[in-house]
């Protein structure tokens, strides 16, 4: 009985985090992006500096008509948003905020998070194909090509961290973290961040949804709540990737009073990374498809391999 | 029947059902999507069998990469929405294939099931153990595999560029898939 | 405690389904799906044997990892071949007799080799 | 992130960092946004908000309606006979404006009507808050157009070194032979030149040459 209560509590906690943190990131994006462009952003919804803008957006999305194109593959089309969204929910459950604050402490959680987020691609592919729209199909193809390419450097970068920590578990990695990693794992960190932004299809890697070329990529035909789910999955993805970065590279809950406030430190570090992800979107133009592939294969993969070798040497020498 | 048996029966049923749909459906892309379900369920089977690292790799490599590649190839080689009888062979051929498939199942089951015996204690392989074996006992096959991967990479690149010279003579008709 | 009857039976069923898939499909990519099923049957067998004990070098798990790797390599090459065939003949129908190239070679850009 | 730049041929990292720096600097600076409904916008002089009609100046000459590129000006008028002012004199006819309407759902704010009006009956007003829930309500009849008149700003002062306005020169110079054609553009130029807002006066004080405003000028 006690177990059931605990499981329920944890599930509710993850769900709450899943519903709140992406909105927080979304609102931050609204405001940070606006100020970076000399604007104010939302100012009215909710009163104080438009804090409820995304809630209002959600209400709006719920009210909109849910359209499935006549030529679409109905079931796949309807199912795709869930496939895009759920992996991030599951991934969020495995990311520890502190040694105690974790929904599901898995032994190989680093691999687990990577494996689960990799499934999210399928949602985009399904959406793009099932829409019966050539723009959607093109977007899905671009997304698949991009995500496959950037998966590799990302896994390699994480492998380097796991090697340095001697653990596949995120909690173990944070426990083994030392400030030296900030220097020694810097190339890997950069590779991870770049690949994470690319995996999320965020600018400057937003070729799959390049609105000036292919309308909105795989999401062109979506309306209402299903479209909102895709948006939510993007922001949930930012949350997952930022927290993962904070846990892997920035030492998670290490910091002042980490016994009590560890979870706050992790959240804070993750939030800073999320702001950086938003910043990149404002600052840089979109990469072309060939530049994208070139960057992944000619820069990131060699860099990640070099990082892996460096870490290997370091581990052997230090041991 | 133990709890693990029940769990395995549940995942196994999903695996078998989705596998069946993957080879029988008339929608091209649905076949690949059912394959996703099947492979994911197989990962679940591995979990039940106590091989969690293999399950994660199955998810990461099979579902995350291989199936995406398959879907990608399907879409590049025309995958219209809707049922398409042309993707399967004729009725007689299919009946023969079904008989043969059933035969394979029967043969394997006949060979394996007597070996099953009574319930055994599940032996989990921890990741550490796995790593020690992988980089100790199995290190040479492992190295050879990495060479195989490299060869596959180069081969795929070579194959995909092979058509270039012959194409140069033809008038370039860029058809429905100027994608890539 | 677990009965191995289930895993063995499932492996046999998957192998049978895979065989059917290989034989009953005309689309080359779908034939590959059948092959994947057979490979997974083998993997399942390996893992279940590994879980039953009497597995000295963690062979069940290690070999499964190897098979997954090989499957990845195989799929990459096979799909490259399929795409090349599609470019040459405009279709990936295996039951079509090998004839001269259809006079419409669909030229994509040289695909990046992925994964 | 700076690795981004290492793609071949890219000048690379400095430019990329500059992008980051520029956006960061912009974030530190105050925004340029005006929160419009709460803070009135600062409109530049000569803003094109809405077109005001000074009905007294209109002679129903139809120039504006004819020149309008999207035909959004509707004018109805009739002629009225004015009895002779002196006994034995001739009766005169005069146009009376019945309807003058501008459909602002069609108007593209080009301002040609204002340019071509020979008698300064049309003026730009900076008022822009006249949106409607029903598009048909954007058809402003002449009373509505006339209500915009008080919002028309006085014309800006002349540049100190500018040439003397033609009509002022004409009044100060010794008289010349009467020639109608060259004098025709004079009234239109009167707006910028007259230091007083012209709408105040009723009929335009004609330059010495113009006798009767012919309703149909040569194209």
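The values are calculated or read from the model by the stated rules, or taken from the named source; none is laboratory data. Note that the coordinates shown come from a computational prediction; the quantities given were computed from them, not determined experimentally. Cβ placement follows ideal geometry from the backbone for every residue including glycine, while neighbour counts extend to all protein chains displayed.
The listed residues are C:11, C:15, C:42, and the only one of them that is surrounded by fewer than 24 Cβ atoms within 10 Å (Cβ to Cβ), in contact (Cβ under 8 Å) with a residue 24 or more places away in the chain and either facing chain B (nearest Cβ under 7 Å) or assigned to a helix (DSSP H, G or I) (or both) turns out to be C:42. Out of the range D:137-149, which residues are farther than 17 Å from residue D:58 by Cα and free of Cβ contacts under 8 Å to residues at least 12 places away in the same chain? The one that is farther than 17 Å from residue D:58 by Cα and free of Cβ contacts under 8 Å to residues at least 12 places away in the same chain: D:137. Among what's in the range B:116-132 and is assigned to a helix (DSSP H, G or I) and within 7 Å of another protein chain (Cβ to nearest Cβ), pick the residue that is surrounded by the fewest Cβ atoms within 10 Å (Cβ to Cβ). Here the answer is B:129.
In the range A:277-299, which residues are more than 8 Å from chain D (Cβ to nearest Cβ) and in a helix (DSSP H, G or I)? Of everything in the range A:277-299, those that are more than 8 Å from chain D (Cβ to nearest Cβ) and in a helix (DSSP H, G or I) turn out to be A:277, A:278, A:281, A:289, A:290, A:292, A:293, A:296, A:297. Inspect the range A:115-131 for any residue being touching a helix residue (DSSP H, G or I) at 6+ places or on another chain (Cβ under 8 Å), surrounded by fewer than 22 Cβ atoms within 10 Å (Cβ to Cβ) and at pLDDT 85 or above and give the result as yes or no. Checking the range A:115-131: not a single residue is touching a helix residue (DSSP H, G or I) at 6+ places or on another chain (Cβ under 8 Å), surrounded by fewer than 22 Cβ atoms within 10 Å (Cβ to Cβ) and at pLDDT 85 or above.
Can you name the residue in the range B:101-112 that is within 7 Å of another protein chain (Cβ to nearest Cβ) and more than 12 Å from residue C:45 (Cβ to Cβ) and is also surrounded by the fewest Cβ atoms within 10 Å (Cβ to Cβ) among such residues? So, considering only residues that are within 7 Å of another protein chain (Cβ to nearest Cβ) and more than 12 Å from residue C:45 (Cβ to Cβ), the one surrounded by the fewest Cβ atoms within 10 Å (Cβ to Cβ) is B:102.
Pairing residues of the range A:223-237 that are at positive phi with residues that are part of a helix (DSSP H, G or I), at Cβ distances under 7 Å and at least 6 apart in sequence or on separate chains, gives A:224/A:61. Only a single item in (1) more than 8 Å from every other protein chain (Cβ to nearest Cβ); (2) more than 26 Å from the chain's Cα centre (by Cα) is not met by residue B:135, and it is number (2).
Counted as qualifying within the range B:1-94 are the helices (runs of 4 or more DSSP H) with 1 or more residues that are crowded, with 24+ Cβ neighbours inside 10 Å and more than 7 Å from every other protein chain (Cβ to nearest Cβ), namely B:28-48, B:52-57, B:67-76.
Evaluated against (1) within 11 Å of chain B (Cβ to nearest Cβ); (2) modelled with pLDDT of 85 or more; (3) under 29 Å from residue A:203 (Cβ atoms), residue A:162 falls short on exactly one condition, (3). Restricting the first member to the range B:109-122 and to residues that are over 13 Å from residue C:7 (Cα atoms), and the second to residues that are at pLDDT below 75, the beta-carbon pairs closer than 7 Å and six or more apart or on different chains are B:121/C:1; B:121/C:53.
Checked against (1) over 19 Å from the mean Cα position of the chain (by Cα); (2) more than 10 Å from every other protein chain (Cβ to nearest Cβ), residue A:130 meets all criteria but (2).
May I ask you to list the residues in the range C:18-38 that are more than 7 Å from chain B (Cβ to nearest Cβ) and buried (at least 24 other Cβ atoms within 10 Å of the Cβ)? The answer is C:18, and nothing else. Given the structure, is residue C:51 within 21 Å of the chain's Cα centre (by Cα), at pLDDT 75 or above and at the interface with chain B (Cβ under 7 Å from one of its Cβ atoms)? No: the conditions fail for residue C:51. In a residue-by-residue description of the range A:135-157, the property of being in a helix (DSSP H, G or I), away from chain B (no Cβ under 11 Å) and more than 28 Å from residue B:35 (Cα to Cα) applies to at least one position. Regarding the range A:10-19, can at least one residue be identified that is without any contact (Cβ under 8 Å) to a residue 40 or more places away in the chain, part of a helix (DSSP H, G or I), over 22 Å from residue D:36 (Cα atoms) and under 20 Å from the mean Cα position of the chain (by Cα)? So far as the range A:10-19 goes, yes, one or more of its residues are without any contact (Cβ under 8 Å) to a residue 40 or more places away in the chain, part of a helix (DSSP H, G or I), over 22 Å from residue D:36 (Cα atoms) and under 20 Å from the mean Cα position of the chain (by Cα). Within the range C:66-76, the presence of a residue that is at pLDDT below 75, at the interface with chain B (Cβ under 7 Å from one of its Cβ atoms) and surrounded by fewer than 20 Cβ atoms within 10 Å (Cβ to Cβ) is excluded.
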